[in-house]
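Engineer: Just dropping this structure here.
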Amino acid sequence: MTGMLELKSIDAGYGSFQALFDVSLNVRAGEAVGVIGPNGAGKTTLMRVISGLIRPTQGTIAMEGTDVVATPPHRIVSLGIAHVPENRRLFPRLTVADNLKMGAYMPGARAHYAERLEFVFELFPRLKERLQQMAGTMSGGEQQMCAIGRALMSNPKLLLLDEPSAGLAPVVVQQVFELVKRIRASGLTVLIVEQNVQQVLRVVDRAYLLEAGSIRAAGSAAELAASDTIKQAYLGV
Amino acid sequence: MQSFLGIFDIYLLEAVINGILLGGVLALLALGLNLIFGVIDVTWICYAELVMIGMYGMYYLVQVFHLPYWAAAPLVILLVALLGAALHFLVIAPLLTAPPINQLLATGGVLFILQSFATVAFGIDFRNLGIRLPVLALGEMNFSYARLLSFGAALAGMIGVYLFLTRTFTGTAIRAIAQDRQIMPLMGVDPKRIYLVTSAIGGGLAGLAACLLVLQYDVHPFVGLSFGPITFLICVLGGLGNFIGGFIAAFVFAEIISLGGLFSDLEWGYVLAFAFFIVMMFIRPAGLLSRRA
């Protein structure tokens, strides 16, 4: 069975620094897949390579059969890939409404702007109350909602979430993972990168372990949660 | 004594109002420059020379091709908008990742090229539209229609840009790119296109300013020097890239020039404005609206 997103033998890095070595990974339609690993393992680089912010030096990426590497970065979102970047990266001095508007920038999404907005408000009623507030003045959890909402405005098939729980209070982290479940339930395919291994293994079907730029293990969430190496290194048991 | 004060107040009021009228056009120029700086992070040193080319455009369309003013103005705005886009495409885009000083020197080079081009192509004669608008007398105060018209058109231009920046997808992208350029591709935005559109708007504002200034001033190849430097001071005083700061600073400068001119010569008004600028640079080096660190 072929996947929705397929990465084959990806090498990538910044200048002379190589961050990813021969990474292969696939995500099937409807799945939630996690990439876990320590800080500096190359998880964010992996996300950036998929959404075109950096280009791989080796290997191929295909989204539903389309060559992602050959697609200009600003057209990759039109393939159905929406990336919620690390640290959310909202436009802090734009209102929540304008941030959401930016998510629907591409012509295909503009046409469905109103209905997408309704969908995002259904998921995050809080955002509706905050529409005219500057995004940078909201709490971390609200900013994360806004960042996910902005990504959903483009009507994606695949949502890339880069460390959605980073920098949030424990209670809010809980809420964010609840949100991920709800987003899955709406039919979206999700690829999520997390250091919070325990939590993420509860919401994904499968996961990859990325260490020092290479995939070290892969399997179902239950398998990984049961594996001794992961237990010792990441779950603290 | 009483009558002296009465007349004095009338002159004062006239100077204040003339300052506001002058401020409108200066604010328009500052907005164009601030837009380019805020979004693309480059300073168009040659901004006032774009205005000069636009003024020549008006002169030729009106005096040589006998177009009515109202038909010539949109053509000139379009012409200078294209010139702004060409400036970005030919000079700025190849230097986007170069050190700022190189970009500054390159647009400085364009300044001399445009001045020399104008000298060779149009000669050094002072030229004007031959349009003399009447003067509005309000009691004992006199206001030229040229200034009133300029103020109204400048205000309309600024409101137009404001609506474009706040109401449209492209305008929102222009404001967003100024805050975080790296993630723009994630929004499906091609930064190159946004830069080109922004440059065209910056050029269009210079074109509009040209249409208005040509009503009040003669055009010659070095006319840019009369308002180029003051536009930069306004932008720096307001905080480079800060639209509201630039707007306020434009009126502060215009009032200093106008009121300074009332108490002595117009030249002294400029001297006062520049002195004010130097003092402010010591007090608030990051601009009028900067937050204290």
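Engineer: Could we say that A:Tyr14 is within 14 Å of chain B (Cβ to nearest Cβ), more than 29 Å from B:Thr172 (Cα to Cα) and modelled with pLDDT under 95 here? Lay out the reasoning, then the answer.
Structural biologist: Values: within 14 Å of chain B (Cβ to nearest Cβ): yes; more than 29 Å from B:Thr172 (Cα to Cα): yes; modelled with pLDDT under 95: yes.
Yes: the conditions hold for A:Tyr14.
Engineer: In this structure, does A:Ala151 turn out to be assigned to a helix (DSSP H, G or I), within 14 Å of chain B (Cβ to nearest Cβ), farther than 30 Å from A:Thr229 by Cβ and touching a His at 6+ places or on another chain (Cβ under 8 Å)?
Structural biologist: So A:Ala151 passes the test.
This table checks each residue for (1) small (Gly, Ala, Ser); (2) surrounded by fewer than 21 Cβ atoms within 10 Å (Cβ to Cβ); (3) at positive phi; (4) assigned to a loop (DSSP other than H, G, I, E, B).
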position	(1), (2), (3), (4)
B:Glu49	no, no, no, no
B:Leu67	no, yes, no, yes
B:Gly108	yes, yes, no, no
B:Ser116	yes, yes, no, no
B:Ile124	no, yes, no, yes
B:Ile131	no, yes, no, yes
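Engineer: Filter the stretch B:252-293 down to the residues that are aromatic (Phe, Trp, Tyr) and buried (at least 18 other Cβ atoms within 10 Å of the Cβ), then identify the one that is farthest from B:Leu13 (Cα to Cα).
Structural biologist: The extreme case among them is B:Phe277.
Engineer: Moving on. Test of understanding: among B:Ala98, B:Ala137, which residue is closer than 18 Å to B:Glu14 by Cα, over 24 Å from the mean Cα position of the chain (by Cα) and among the hydrophobic types (A, V, I, L, M, F, W, C)?
Structural biologist: None of the other options fit; the residue is B:Ala137.
Engineer: I need a count of the residues in the stretch A:124-153 that are surrounded by fewer than 16 Cβ atoms within 10 Å (Cβ to Cβ) and among the acidic types (Asp, Glu).
Structural biologist: 1
Engineer: Here is a follow-up. Select from the stretch A:189-219 the residues that are touching a residue at least 40 places away in the same chain (Cβ under 8 Å) and assigned to a helix (DSSP H, G or I) and write down the one among them that is nearest to A:Gly37 (Cα to Cα).
Structural biologist: Per the stated criteria, the residue is A:Val197.
Engineer: Let me ask something additional. Considering only residues that are touching a Leu at 6+ places or on another chain (Cβ under 6 Å) and over 13 Å from A:Gln199 (Cα atoms), look in the stretch A:213-233 and name the one that is modelled with the lowest pLDDT.
Structural biologist: Across the stretch A:213-233, the extreme among qualifying residues is A:Ile230.
Engineer: Tell me the residue from A:Val176, A:Val171 that is crowded, with 19+ Cβ neighbours inside 10 Å, assigned to a helix (DSSP H, G or I) and of a type in the set (Val, Ile, Thr), please.
Structural biologist: Matching residue, one of A:Val176, A:Val171: A:Val176.
Engineer: Sticking with this structure for a sec: Can B:Ile113 be described as closer than 17 Å to B:Leu205 by Cβ and either at pLDDT 95 or above or within 14 Å of chain A (Cβ to nearest Cβ) (or both)?
Structural biologist: Taking the combined requirement at face value, the residue does not satisfy it.
Engineer: Do we find that B:Val62 is under 12 Å from the mean Cα position of the chain (by Cα) and part of a helix (DSSP H, G or I) in this structure?
Structural biologist: Spelling it out, it is not the case that B:Val62 is under 12 Å from the mean Cα position of the chain (by Cα) and part of a helix (DSSP H, G or I).
Engineer: So which helices (runs of 4 or more DSSP H) stay within the stretch B:151-244 end to end and still have 3 or more residues that are within 14 Å of chain A (Cβ to nearest Cβ) and either over 21 Å from B:His88 (Cβ atoms) or of a type outside the set (Val, Ile, Thr) (or both)?
Structural biologist: Answer list for the stretch B:151-244: B:169-177, B:191-213.
Engineer: In addition: Which members of the stretch A:83-110 meet the condition of being within 7 Å of another protein chain (Cβ to nearest Cβ) and outside any helix (DSSP H, G or I)?
Structural biologist: Matches in the stretch A:83-110: A:His83, A:Pro85, A:Arg89, A:Phe91, A:Pro92, A:Arg93, A:Leu94, A:Tyr105, A:Met106.
Engineer: Still on this structure, please answer the following. What pairs can you find where one residue is in the stretch B:109-129 and closer than 10 Å to B:Pro221 by Cβ, the other is charged (D, E, K, R) and modelled with pLDDT of 95 or more, and their Cβ atoms are less than 6 Å apart, with a gap of 6+ or different chains?
Structural biologist: Correct list of pairs: B:Leu114/B:Glu49.
Engineer: Quickly run through the stretch A:33-77 and pick out the residues that are within 11 Å of chain B (Cβ to nearest Cβ) and without any contact (Cβ under 8 Å) to a residue 40 or more places away in the chain.
Structural biologist: Answer for the stretch A:33-77, where residues must be within 11 Å of chain B (Cβ to nearest Cβ) and without any contact (Cβ under 8 Å) to a residue 40 or more places away in the chain: A:Arg48, A:Gly52, A:Leu53, A:Thr71, A:Pro72, A:Pro73, A:His74, A:Arg75, A:Ile76.
Engineer: Being part of a strand (DSSP E or B), surrounded by fewer than 22 Cβ atoms within 10 Å (Cβ to Cβ) and touching a residue at least 12 places away in the same chain (Cβ under 8 Å) is the filter here, so list the residues in the stretch A:13-32 that pass it. Spell out the reasoning first.
Structural biologist: First, pick out the residues of the stretch A:13-32 that are part of a strand (DSSP E or B): A:13-14, A:17-27, A:32.
Checking the rest, the ones that are also surrounded by fewer than 22 Cβ atoms within 10 Å (Cβ to Cβ) come to A:13-14, A:17-19, A:21-22, A:24-26.
Passing the criteria: A:Gly13, A:Tyr14, A:Gln18, A:Ala19, A:Phe21, A:Asp22, A:Ser24, A:Leu25, A:Asn26.
Engineer: Select from the stretch A:111-136 the residues that are aliphatic (A, V, I, L, M) and in a helix (DSSP H, G or I) and list them in ascending order.
Structural biologist: Of everything in the stretch A:111-136, those that are aliphatic (A, V, I, L, M) and in a helix (DSSP H, G or I) turn out to be A:Ala114, A:Leu117, A:Val120, A:Leu123, A:Leu127, A:Ala135.
Engineer: Right, something else. Looking for something touching a Leu at 6+ places or on another chain (Cβ under 8 Å) and of a type in the set (S, T, N, Q) - is there at least one such residue anywhere in the stretch B:144-157?
Structural biologist: The answer is yes, given that some residue of the stretch B:144-157 is touching a Leu at 6+ places or on another chain (Cβ under 8 Å) and of a type in the set (S, T, N, Q).
Engineer: Let me ask something additional. Are any of the residues in the stretch A:121-130 touching a His at 6+ places or on another chain (Cβ under 8 Å), at negative phi and either more than 7 Å from chain B (Cβ to nearest Cβ) or at pLDDT 95 or above (or both)?
Structural biologist: Checking the stretch A:121-130: not a single residue is touching a His at 6+ places or on another chain (Cβ under 8 Å), at negative phi and either more than 7 Å from chain B (Cβ to nearest Cβ) or at pLDDT 95 or above (or both).
The values are calculated or read from the model by the stated rules, or taken from the named source; none is laboratory data. The structure presented is a predicted model; accordingly, all values stated were derived computationally and were not measured. When we count neighbours, we look across all protein chains shown, and the Cβ atoms used for this are built from the backbone with ideal geometry, even at glycine.
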